[in-house]
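Below is one structure, written out as structure tokens; comments come after it.
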């Protein structure tokens, strides 16, 4: 099952395919231009990594898992990143409660006071 979500347009599409190969997203996103957020599945890299009109970005929840695991190796550094992620999640929760527009969300993320995020949200 491939899931496509256009949050600005408030659209969700579930696309059933028999396998997890490239055919589903290749067909569905043939004319797409913009940002694709994925869970890091390699199909997206293979299809869109060097695409001139598509920017790949990845799922924070999936990335967070690696930092949770890293606490046992470097507690201070891993917890720093987890604290920053928590701050971002709190901001998103606030923006959701305020029914913020896409533009308001973008601006709020840009204005976060944490240098860790600046290169991710600067656009």
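What follows is calculated from the coordinates using simple rules that are stated; it is not laboratory data. Computed from a prediction, not measured in an experiment: that's the story for all the values here. Please note: Cβ atoms are built from the backbone with ideal geometry, for glycine as well, and neighbour counts cover all protein chains shown.
I want the antiparallel fraction of DSSP beta bridges within the chain, as a percent rounded to 5.
Numbers: 5 of 10 bridges.
Percent antiparallel among DSSP bridges in the chain is about 50.
Treating the angle as unsigned and between 0 and 90°, give the value, to the nearest 10°, between the Cα long axis of helix 60-70 and the longest Cα principal axis of the chain.
In the chain, helix 60-70 runs at an angle near 50 degrees to the longest axis.
Go through (1) 28, 20, 14; (2) 26, 16, 12; (3) 22, 18, 12 and flag the label whose value is the computed semi-axes √(5λ) of the Cα gyration tensor in Å for this structure.
(1)
At 7 Å along Cα-to-Cβ for each site, give me the label-to-label distance between residue 64 and residue 1 in nm.
2.2
Taking only DSSP H segments of four or more residues, each worth -39500 (n - 2.57), what value at 222 nm results for the chain once the sum is divided by all its residues, to the nearest 500 deg cm²/dmol?
Details: 6 runs with 63 residues, N = 123.
Rounded to the nearest 500, the figure is -15500 deg cm²/dmol.
Between residue 107 and residue 11, 0.36 nm times their residue separation minus their Cα-Cα distance comes to what? Mind dumping the intermediate values first?
Values: separation 96, 0.36 × 96 = 34.56 nm, distance 2.25 nm.
Result for the pair: 32.3 nm of gain on full extension.
At 7 Å along Cα-to-Cβ for each site, give me the label-to-label distance between residue 33 and residue 73 in nm.
Rounded to a tenth, the inter-label distance reads 4.0 nm.
Using the basic label-point model (7 angstrom from Cα toward the beta carbon), what is the residue 18 to residue 99 distance in nanometres?
4.6
Compare 108, 27, 100 in a GNM of the chain, Cα atoms joined below 10 Å, and give the one with the largest fluctuation.
27
In degrees, nearest 10, range 0 to 90: what is the angle between the Cα axis of helix 75-97 and the longest Cα principal axis of the chain?
The helix 75-97 is inclined about 70 degrees to the chain.
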